[in-house]
Amino acid sequence: ELKEIVFIIQSQSNSFHAKRAEDLKREILKQAADLGKELPTVLLIHQMDGHEGAWTILPLMRDFSVTYGRNSSWIFFCEEDTRIQVVKLLETLGRFDKSKEWFLGKALYDEESTIIHHYAFAENPTVFKFPDFAAGWALSIPLVNKLAKKLKSEPLKSDFTIDLKHEIALYIWQKGEGPHLTPVPEFCTDDVNSYKVDHCATTFSNFLPLCGEPVKKEDIFVAVKTCQKFHGERIPVVKQTWEREAALIEYYSDYADISIPTVDLGVPNTDRGHCGKTFAILERFLNHSSPRTPWLVIVDDDTLISIFRLRKLLSCYDPSEPVFLGERYGYGLGTGGYSYITGGGGMVFSRIAVQKLLASKCRCYSMDAPDDMVLGMCFSGLGIPITHSPLFHQARPMDYPKGYLSHQIPVSFHKHWNIDPVKVYFTWLAPNTEELLNGKKVGYNREDL
């Protein structure tokens with residue numbers, strides 16, 4: 001029965017994302033009403049409690065067990081851009097014995113072991129499957145109850161959340177004592193208009209959001225963090241690739257080199273975190289750039305980014321709100337903790353977010369503290385949410401499953417290690433691989449990089 005499924009939308013509190021999630025909730029309830037069925041429960045994760053780590057899902061398992069453990073059969077999770085055919089989803093879940101422990105989804109796997117997953121399953125990383133959240137994924141209630149029981153006796157460790165879908169699959173697998181992910185072919189990430197979707201219970205429609213005209217080039221100030229030892233090695237890559245897309249760009253270093261040119265912020269380079277340098281950049285943006293420039297992007301000198309695509313993405317965000325956008329990681333979220341935007345993929349700030357941050361007096365506890373984590377801590381203390389976009393990447397294309405990248409139009413990648421960064425840029429990020437034609441995604445050749 002439809003009422004036995006609890007739908008959980010992996011939503012966010014930023015106004016653009018919250019609206020998308022509300023639209024999906026309405027669509028699910030409309031399909032249920034059209035079937036003449038008793039309406040299912042549809043919940044938005046960002047509304048579920050004040051817990052900063054609700055997006056990591058495992059801390060909510062005990063609540064799910066207590067509230068739905070008796071009268072429901074399935075918890076079905078999806079993203080705000082997942083599209084659901086409710087009748088097909090009912091048929092699909094109906095094939096599985098709801099009295100058993102099931103973990104269902106569209107399977108992703110690593111082709112080679114990767115730093116993002118701490119080189120897990122280094123012998124043969126293809127053996128371990130984890131769900132593509134975009135296609136939706138499901139847990140049977142017996143499994144939810146088991147996880148809740150385990151979490152009661154062994155609280156989550158206070159540690160990093162880097163790739164949630166992999167970490168949830170590892171937690172459920174319990175070193176082989178729990179269930180593996182069961183791949184479900186009806187959970188799809190093909191576009192809703194694709195000829196392939198007839199058998200699909202879910203589809204995924206959104207490659208790169210666009211909400212009107214792209215933001216003007218002149219509305220984005222780009223700050224590149226560098227240091228003297230990388231001037232000759234990394235800056236030429238920026239100049240050969242994405243610099244020309246940026247109207248306003250400055251390079252911040254520990255040494256003023258007029259040939260680039262770089263700006264010496266008077267902050268010595270550190271081997272570890274760059275908190276002092278990043279806060280100096282934020283101060284400079286507020287005090288020296290035009291107050292009419294609504295957006296600031298801070299990137300590393302080995303970040304590869306498409307400003308062209310970022311302009312489209314930012315059309316969906318309201319710069320009069322405090323926005324802090326990028327790839328979200330978490331620290332210590334099982335025990336309080338905070339979320340943060342990981343720096344290598346690029347950190348995007350609305351001017352008002354920078355103003356609120358600097359007015360708050362929250363600052364680095366040391367010059368070489370990790371800047372991205374300190375920013376996360378500060379924004380968390382201010383009650384300003386981190387806004388996650390999966391289109392920003394802290395690592396290289398080869399560090400992600402091909403199936404995961406196949407339904408993305410990425411905005412950034414990071415690191416030059418063991419790759420030709422210019423080739424990666426022109427294969428994955430350059431605007432000449434024009435991706436939206438009549439609203440459809442154009443396939444373009446991405447060699448194996």
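Listing for the model above:
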read-out	value
Top-ranked residue of segment 103-134 - restricted to ones that are open to solvent by 40 Å² or more (accessible area, probe 1.4 Å) and among the acidic types (Asp, Glu), ranked as nearest to THR182 (Cα to Cα)	GLU111
Residue within segment 169-192 that is farther than 20 Å from LEU104 by Cβ, in contact (Cβ under 8 Å) with a residue 40 or more places away in the chain and more than 18 Å from the chain's Cα centre (by Cα) present	yes
Boolean, GLU283 is open to solvent by 40 Å² or more (accessible area, probe 1.4 Å) and either assigned to a loop (DSSP other than H, G, I, E, B) or of a type outside the set (Asp, Glu) (or both)	no
Boolean, ALA54 is free of Cβ contacts under 8 Å to residues at least 40 places away in the same chain and under 30 Å from VAL192 (Cα atoms)	yes
Flag if PHE77 is under 24 Å from HIS166 (Cβ atoms) and buried (at least 20 other Cβ atoms within 10 Å of the Cβ)	yes
The one condition in (1) at pLDDT 95 or above; (2) within 17 Å of the chain's Cα centre (by Cα); (3) surrounded by 20 or more Cβ atoms within 10 Å (Cβ to Cβ); (4) over 20 Å from PHE187 (Cβ atoms) that GLY53 fails to fulfil	(1)
Unmet requirement for MET367, which otherwise passes all of (1) open to solvent by less than 20 Å² (accessible area, probe 1.4 Å); (2) in contact with a helix residue (DSSP H, G or I) (Cβ under 9 Å, 6 or more places away or on another chain)	(1)
Residue within segment 373-387 that is under 23 Å from PHE204 (Cβ atoms) and not assigned by the TED database to the domain that holds SER194 present	yes
Members of segment 10-49 that are hydrophobic (A, V, I, L, M, F, W, C) and in a helix (DSSP H, G or I)	PHE16, ALA18, ALA21, LEU24, ILE28, LEU29, ALA32, ALA33, ILE45
Verdict on PHE133 being touching a helix residue (DSSP H, G or I) at 6+ places or on another chain (Cβ under 6 Å), aromatic (Phe, Trp, Tyr) and over 30 Å from ALA247 (Cβ atoms)	yes
Residue pairs meeting the criteria (Cβ under 6 Å; at least 6 apart or on separate chains; first not assigned by the TED database to the domain that holds HIS388, in segment 115-139; second surrounded by 13 or more Cβ atoms within 10 Å (Cβ to Cβ) and of a type in the set (Asp, Glu))	ILE116/ASP163; ILE116/ASP399; PRO125/ASP110; PHE133/GLU79; ALA134/GLU79
Residue list for segment 342-357, filter: at negative phi, in contact with a Phe, Trp or Tyr (Cβ under 8 Å, 6 or more places away or on another chain) and either open to solvent by less than 10 Å² (accessible area, probe 1.4 Å) or part of a loop (DSSP other than H, G, I, E, B) (or both)	THR342, GLY345, MET347, VAL348, PHE349, SER350, ALA353, VAL354, LEU357
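The values are calculated or read from the model by the stated rules, or taken from the named source; none is laboratory data. Note that the coordinates shown come from a computational prediction; the quantities given were computed from them, not determined experimentally. As a convention, Cβ positions derive from the backbone with ideal geometry for all residues, glycine included, and neighbour counts pool all protein chains shown. Each accessible area value is taken on the protein alone, full model and side chains, heavy atoms only, with ligands, DNA and RNA left out. Shrake-Rupley method; radii C 1.70, N 1.55, O 1.52, S 1.80 Å.
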